[in-house]
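What follows is calculated from the coordinates using simple rules that are stated; it is not laboratory data. Since this is a predicted model, take the numbers as computed values, not measurements. Cβ placement follows ideal geometry from the backbone for every residue including glycine, while neighbour counts extend to all protein chains displayed.
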Amino acid sequence: MGNSILIKALVYFIMGIVFIFIAIQSKGDTVWNPVTLIFAAVAAMDFWVVFKLLSQYSKVKNKKE
């Protein structure tokens, strides 16, 4: 189960990086347009999920030991 948690965390991390890249590419005259903010919010949620998955992995790993 631990490996699948790490794989999910890696996938969400890559998705977060992609959404940040898309947000940077989609900015126009200003950063404060809705499209850029939506992409940045999705990236932030992806990174939040990564941290939650890594803490869950840590708990599972410590429980096995």
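Taking the criterion of being of a type in the set (Val, Ile, Thr) and part of a helix (DSSP H, G or I), the residues of the stretch 4-33 that qualify are ILE5, ILE7, VAL11, ILE14, ILE17, VAL18, ILE20, ILE22, ILE24.
One line per residue, one yes/no per condition, for (1) hydrophobic (A, V, I, L, M, F, W, C); (2) out of contact with any helix residue (DSSP H, G or I) (no Cβ under 8 Å at 6 or more places or on another chain); (3) exposed (fewer than 14 other Cβ atoms within 10 Å of the Cβ); (4) free of Cβ contacts under 8 Å to residues at least 24 places away in the same chain:
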site: ASN3; (1), (2), (3), (4): no, yes, yes, yes
site: ALA9; (1), (2), (3), (4): yes, no, no, no
site: TYR12; (1), (2), (3), (4): no, no, no, no
site: GLY16; (1), (2), (3), (4): no, no, no, no
site: ASP29; (1), (2), (3), (4): no, yes, yes, yes
site: VAL49; (1), (2), (3), (4): yes, no, no, no
site: GLN56; (1), (2), (3), (4): no, no, no, no
site: LYS61; (1), (2), (3), (4): no, no, yes, no
